[in-house]
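Beneath this line is the structure, given in structure tokens, with notes to follow.
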Amino acid sequence: MERSPLWIFGYGSLVWRPDFAFVERRTGWIEGFTRRFWQGSTDHRGVPESPGRVATLVRQPGARCWGSVYRVASEARGSVLTKLDHRERGGFVRDEVNVRFPIAPDGFEPSVQAQLYLATPENANYLGPASLTEIAEQVRASHGPSGPNVEYVLELAAALREMEAEDDHVFALEALLVES
Ligand code: SIN
């Protein structure tokens, strides 16, 4: 039996560094979530003694979060999910969302069901809210096996700008980081 294709929605590092096999990439948004640098990173952009801060999603009625959605070939489904589960193991769990597109090109559904990786307050690395100044200080000070935490924020901001996506939180954090 043929399985329906797997779609993965990325809103953080998965926007600018997918690093997995996909056959199509599109820009889309999800409703009811906003992006926040509230997740601690002890395995990518920080270390256990000095965690970095990476993006997660927080529920906010009426909000819209832009990101990249990737279609994965049926035969790569298992290997891609295994790889991403490993990459996102620092507190993210898989969930399912409906992704919408600005324009529905001929031959495509105007929305798709996608998997995404979400870090909720229940995980041990969750940091939660802080002022933007505090977040910027922590980001500036943090480095991990995947590189400097600043790189994560600047690359994400550049990718969102490229796709003409709104995100006050990310752009305000970027501004604090580049001005220092
Ligand atoms: C994502 O990018 O969608 C998940 C969080 C991350 O890896 O930064």
Residues that are in contact with a Phe, Trp or Tyr (Cβ under 6 Å, 6 or more places away or on another chain), outside any strand (DSSP E or B) and in contact (Cβ under 8 Å) with a residue 12 or more places away in the chain: does region 86-93 have at least one? yes
ARG53 assigned to a strand (DSSP E or B) and away from the ligand (no atom under 11 Å from the Cβ): no
Looking at (1) in contact (Cβ under 8 Å) with a residue 40 or more places away in the chain; (2) closer than 23 Å to SER68 by Cα, find the lone condition where ASP168 falls short. (1)
Every listed condition ((1) closer than 30 Å to THR133 by Cβ; (2) touching a residue at least 40 places away in the same chain (Cβ under 8 Å); (3) among the polar types (S, T, N, Q)) holds for THR27 save (1)
Only one of VAL99, VAL153, VAL112 is touching a residue at least 40 places away in the same chain (Cβ under 8 Å), in a helix (DSSP H, G or I) and surrounded by 14 or more Cβ atoms within 10 Å (Cβ to Cβ); which? VAL153
Considering only residues that are assigned to a strand (DSSP E or B), within 14 Å of the ligand (Cβ to nearest atom) and either β-branched (Val, Ile, Thr) or closer than 28 Å to GLN138 by Cβ (or both), which ones fall in region 1-33? ILE8, PHE9, GLY10, THR27, TRP29, ILE30, PHE33
Scan region 1-25 for residues that are closer than 17 Å to VAL99 by Cα, surrounded by 19 or more Cβ atoms within 10 Å (Cβ to Cβ) and under 15 Å from the mean Cα position of the chain (by Cα) and jot them down. TRP7, ILE8, PHE9, GLY10, TYR11, GLY12, LEU14, VAL15
Looking only at region 81-118, and only at residues there that are among the small types (Gly, Ala, Ser) and away from the ligand (no atom under 12 Å from the Cβ), the one that is modelled with the highest pLDDT: SER111
Subset of region 144-165 (residues that are more than 25 Å from ARG64 (Cβ to Cβ) and among the aliphatic types (A, V, I, L, M)): VAL150
Would a scan of region 62-71 turn up a residue that is closer than 21 Å to PHE171 by Cβ and out of contact with any strand residue (DSSP E or B) (no Cβ under 6 Å at 6 or more places or on another chain)? yes
Subset of region 56-76 (residues that are under 18 Å from PHE20 (Cβ atoms), more than 11 Å from the ligand (Cβ to nearest atom) and either exposed (fewer than 15 other Cβ atoms within 10 Å of the Cβ) or under 19 Å from the mean Cα position of the chain (by Cα) (or both)): ARG71, VAL72, ALA73, SER74, GLU75
Condition met for GLY40 (at positive phi, surrounded by 14 or more Cβ atoms within 10 Å (Cβ to Cβ) and part of a strand (DSSP E or B)): no
When you go through (1) more than 14 Å from the ligand (Cβ to nearest atom); (2) closer than 22 Å to GLY67 by Cα; (3) exposed (fewer than 15 other Cβ atoms within 10 Å of the Cβ) one by one for ALA141, which number turns out not to apply? (2)
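The values are calculated or read from the model by the stated rules, or taken from the named source; none is laboratory data. Just so you know, these numbers come straight off a predicted model, no measurement behind them. Positions of Cβ are generated from backbone atoms using ideal geometry, with glycine treated the same way; all protein chains shown enter the neighbour counts.
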